[in-house]
Ligand SMILES: [Ca+2]
Ligand SMILES: [Ca+2]
Ligand SMILES: [Ca+2]
């Protein structure tokens, strides 16, 4: 697929959110650290079943990302490798998007829905995005309010799925691509 200038900026930003230790590459330890931070942020021990499932799922995502992206076999993913794989349709694709993301969002909700109401309140949202994506609190609060279409203070995983889909596939300059992971450079 063609990578527009807008999509290119979005992919750069997405890469930054994967790169937990901010060393300029994505590797397995970035995923391990982000997974551990997230479940710890919700007070789950490593042997909690929800934590185990979430960790396994994230490392499975790493395995897939690594397998299709790391073309020079140095066990880490550069920004160039990441964008090349996306352009070749090896990562997120519109036709298989929901199948890929729904299990992740279910596992995330099991961890991050701390009060068990089935939704992500603002504090839950700030906590998981800070732990997993290094999103600043002020950004996370703004994103949550934008995702909360009916203003009841809660967002569903369906809201989140639609926004993530738009992040990758919508060229709307005011849509989630422009703000879901914070401002673009
Ligand atoms: Ca890294
Ligand atoms: Ca590589
Ligand atoms: Ca909740």
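Suppose R0 equals 30 Å; then what is the FRET efficiency for residue 149 and residue 123 from their Cβ-Cβ distance, rounded to the nearest 0.05? It comes out at approximately 0.95.
Prolate is the label for the stretch 1-129. Its Cα gyration tensor axes, ordered a ≥ b ≥ c, give a/c of at least 1.5 and a/b above b/c.
Once both labels are positioned 7 Å from their Cα atoms along Cα-to-Cβ, the gap between residue 29 and residue 61 label points is 2.1 nm. Placing pseudo-labels 7 Å out from each Cα toward the beta carbon at residue 174 and residue 73 gives an inter-label distance of 5.1 nm. Calculate, for residue 6 and residue 141, the FRET efficiency according to 1/(1 + (r/R0)^6) with r their C-beta to C-beta distance and R0 22 Å; round to the nearest 0.05. Here the calculated transfer efficiency is 0.35.
Picking from 80, 38, 12, which is most flexible by a Gaussian network model of the chain using Cα springs under 10 Å? In this elastic network of the chain, the residue with the biggest mean-square fluctuation among 80, 38, 12 is 80. For residue 84 and residue 46, the difference between the fully extended length at 0.36 nm per residue and the C-alpha to C-alpha distance is 10.2 nm. Each of 124, 16, 56, 95 has some number of other Cβ atoms within 10 Å of its Cβ, and from fewest to most they run 95, 56, 16, 124.
Rule-based calculations on the coordinates, nothing more; no lab input. If you're wondering where the values come from, they're calculated on a predicted model, not measured in any experiment. Reconstructed Cβ throughout: ideal geometry from the backbone, glycine too, with neighbour counts over all protein chains shown.
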